[in-house]
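What follows draws every value from the coordinates through simple rules; no lab data is involved. This structure is a prediction, so every number in the text was calculated from the model and none was measured. We place every Cβ from the backbone using ideal geometry, glycine too, and count neighbours over all the protein chains shown.
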Amino acid sequence: MKCVLGILLLSTSLTYAGDWNPLFDGSSLNGWKASETPGCFSIVDGNTLQVKGGRSHLFWIGTDSIPGEFTDFEFSAKVKTTPGANGGVFFHTEYQETGWPTHGYEAQVNSTHKDKRKTGSIYAVQDVLNDAPSKDGEWFDFLIRVKGKSITISVDGKVVNEFTEPADVQPLEKFKDRRLSSGTFALQGHDPKSITYYQDIKVRTLK
């Protein structure tokens, strides 16, 4: 009986993941909607999303088969930065026409930009400072995992940031809606000099 009980307890502690669902088909922006700066997001080299041209955000709004809102999930993408580039992936956010997304959190993408918050930072909440786990000109695997109140960010399979949102979380005033709830994703175009690339963008829900 003890052995059986132990197995049952173990099984209920596991996190079960659904199938991976592609958010980027490699040839179009189907399911996405860009804000403010026109033309910041384009397809290059046949299968790559290029982010270039100024401040803008590309929000996942969903398709008939993949929703536009997630709660517990794993988000995965291949990412490449160029010298001095700044970018990021917002999650638990919502579409807005202008400005930096006010809802949810940002997982920073930054190998050599002057901002000290580097790749894997949960921006202005728990930062990876000064030494980036990514390199310009090299593709890296970027994984964001949210389960309950916990956020884990990995680069090339290595955990670089873990954060648990406290029950009494009190964000800074300018980030007052930065909290875990549910929402969508947004890829960031930061400034006219920043160029970043994405491939194989996908998500799966956690149960």
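Kindly list the number of the only condition in (1) touching a residue at least 60 places away in the same chain (Cβ under 8 Å); (2) at negative phi; (3) surrounded by 15 or more Cβ atoms within 10 Å (Cβ to Cβ) that fails for residue 102.
In the conditions (1) touching a residue at least 60 places away in the same chain (Cβ under 8 Å); (2) at negative phi; (3) surrounded by 15 or more Cβ atoms within 10 Å (Cβ to Cβ), residue 102 misses (3) alone.
Answer yes if at least one residue in region 138-148 is farther than 18 Å from residue 88 by Cβ, free of Cβ contacts under 8 Å to residues at least 40 places away in the same chain and in contact with a Leu (Cβ under 9 Å, 6 or more places away or on another chain), and no otherwise.
no
For region 31-88, name all the residues that are crowded, with 21+ Cβ neighbours inside 10 Å and of a type in the set (Asp, Glu).
Correct list: 74 only.
With the condition kept exactly as written, say whether any residue in region 151-174 is more than 17 Å from the chain's Cα centre (by Cα) and among the basic types (Lys, Arg).
yes
Can you pull out the residues in region 18-43 that are in contact with a strand residue (DSSP E or B) (Cβ under 7 Å, 6 or more places away or on another chain), over 17 Å from residue 62 (Cα atoms) and free of Cβ contacts under 8 Å to residues at least 40 places away in the same chain?
42, 43
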